[in-house]
Amino acid sequence: RNRPITFISTKNKFIGEMIMVGLKKLIFMVFALCIANIIFSQEIPKSYYVSAQGNDETNNGRTEATAFKTLRKAIEVASKGIIKRITIIGTLNQTSENNSTMSSYAVFFIDYNGKDELLITGKENASTKEKAVLSAAGTKVRVVNLNLSTENKSKIRFEHIEISGANTNHDGAGIYAFSGYTTLGKGTVIKNNTTSGDGGGVYVRGHCIIEDGVVIAQNSAAYGGGIYDKSSELTINGGLITKNNAQFFGGGISSGNSSRSLFTINNCTISENMAGENGGGLYACGESIINNVVIVNNSAKANGGGIYRKEINGNYGKEYKGLTINNCDIRENTAEFGAGMYLFSGKCTLSTGNIKKNKATFVGGGVYVDSAVEFINSEAVITENQAGDGGENIFERE
């Protein structure tokens, strides 16, 4: 009996075989990638861990259970390797760091010359027990001393960590950022640090960025209770600077204390700071740009409850803009002269925003403009200010 003959195209058969080979290769590649990812995730940790209950001698720092004891050890290992993240569990201090003979300047002396940013952080939602704290309580030195490589433009970043407890005569009681690039990121709290020098919370000599979610509070110094800025460039993009105290200038911030610096502050609140002489909220010298900032309820015993402005060198060239203030809310500050702002010298350009409800003992409730100042007010509203001897809103000295 004759059967029908089925013809299979040689071309179609070849295509089918190629598809099967391709599928086998694809399956093999997916399988290999899965195995590689499992091995990689097992062998390479995401962070080194540090805990006062850890051990530098027997632990490898790769898990919380095998944490290092000292921050010093974690930085040494991270500096030489791939992982650039250090997670701190609980409080570290002079005792846990065991550095009684290591440094006469700081509890935590951080030398870093890497080209990749090094992150020092706590857990984002840490319990009270696990909250990351670097403390200098009970010592006479600063909390953190940063020495970052200028040649490599080394960068260090802090997040979800408290830096507190210093009582010293060294500059930068909380953090002394000597060089390199420092970023204070979300969850960083610098509080309760005191120095007879400059910069109760932070002393900046390198480059520094302060991001939203940072709190600098209840620090004190001779100059710059919260921040003393002697840097090439300081940028503040949010955060809260509050309840700091300076014996002389800059209760919240003393900025531009070098011959050429750029200070930029955006979307920040500066409140309830106090200066024994000038600049309760802010003492600004160099080129300064202030945008969308709330400066409220600060006080200076002499001049500039909210802002005190002084040029340390007026010969900056045609491009120099002095102090530029855009859309700021400057209110309820107090001083003898210039409760909202005291402009001693240089150039100030004031655009939109409000200066109101500030109170001067003598003159210049809103703004005191000295005779050497170039003052330009575009659309800012200066109103409802008080002054005991007149010049409630603006006083211009001849």
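The values are calculated or read from the model by the stated rules, or taken from the named source; none is laboratory data. In this text, all values refer to a predicted model and were calculated from it rather than measured experimentally. Cβ placement follows ideal geometry from the backbone for every residue including glycine, while neighbour counts extend to all protein chains displayed. Calculation scope for accessible area: heavy atoms of the full protein, side chains included, ligands and nucleic acids excluded. Shrake-Rupley method; radii C 1.70, N 1.55, O 1.52, S 1.80 Å.
Brief remarks on what is shown
- Averaged per residue, the range 265-398 has 41 square angstrom of accessible surface, using a 1.4 angstrom probe with ligands and nucleic acids left out.
- Accessible surface ranking for D171, D116, D370, 1.4 angstrom probe, highest first: D116, D171, D370.
- When the Cα positions of G138, G114, S104 are compared along the charge dipole of the range 100-161, G138 comes out farthest toward the positive end, with charges on each C-beta of Lys, Arg, Asp and Glu.
- The range 69-142: chymotrypsin sites (Phe, Trp or Tyr not before Pro) in DSSP coil with no more than 16 other Cβ atoms inside 10 Å: Y105
- Per-residue SASA entry for R85, accessible area with 1.4 Å probe, Å² rounded to 10: 100 Å²
- Look at the Cα gyration tensor of the range 229-362: its axes a ≥ b ≥ c give a/c under 1.5, and that counts as rounded.
- Here N55 and S127 are evaluated by their C-beta separation; at R0 = 30 Å the FRET efficiency comes out at 0.85.
- Percent accessible area from carbon and sulfur atoms, the range 82-157, protein chains only, probe 1.4 Å: 45 percent
- Accessible area, probe 1.4 Å, largest first, for residues R309, R62: R62, R309
- Ranked from largest to smallest solvent-accessible area, with a 1.4 Å probe on the protein heavy atoms, T188, T269 come out as T269, T188.
- Taken along the Cα-to-beta-carbon direction at a fixed 7 Å, the label points for T383 and S79 span 5.8 nm.
- Residue-wise HN-Hα couplings along the range 279-293, as the Karplus relation 6.51 cos²θ - 1.76 cosθ + 1.60 with θ = phi - 60° gives them from phi, are x, x, x, 8, 10, 10, 10, x, 5, 9, 10, 10, 10, 6, 10 Hz; Gly and Pro carry x.
- Between the amide H of E287 and those of S261, F263, distances stay under 5 Å, these residues lying 5 or more places away or on another chain, with hydrogens modeled in the peptide plane.
- Estimated distance in nm for a label pair at N98 and D329, the labels positioned 7 Å out from Cα along Cα-to-Cβ: 5.2 nm
- K131 accessible area, 1.4 Å probe, all protein chains in place, Å² to nearest 10: 90 Å²
- Residue-wise HN-Hα couplings along the range 74-79, as the Karplus relation 6.51 cos²θ - 1.76 cosθ + 1.60 with θ = phi - 60° gives them from phi, are 4, 5, 4, 5, 5, 5 Hz; Gly and Pro carry x.
- Taking amide H positions as modeled 1.01 Å from N, with prolines and chain starts lacking one, the residues under 5 Å from E374 and 5 or more places away or on another chain are G346, K347, C348.
- To put it simply, the accessible area of the range 253-398 at a 1.4 Å probe is 42 percent carbon and sulfur.
- Solvent-accessible surface (1.4 Å probe) assigned to K243 amounts to roughly 110 Å².
- Within the range 147-244: Cβ-based charge dipole about Cα centre, in debye rounded to nearest 20 (Lys, Arg +1; Asp, Glu -1): 60 debye
- FRET efficiency for the pair N267 and T63, taken as 1/(1 + (r/R0)^6) with r the Cβ-Cβ distance and R0 = 41 Å, rounds to 0.60.
- Vicinal HN-Hα couplings computed from phi for the range 135-148 (Karplus, 6.51 cos²θ - 1.76 cosθ + 1.60; Hz; Gly/Pro x): 10, 10, 4, x, 10, 10, 10, 6, 6, 10, 10, 9, 10, 9
- Label-point separation in nm, T352 to E398, each point 7 Å along Cα→Cβ: 3.7 nm
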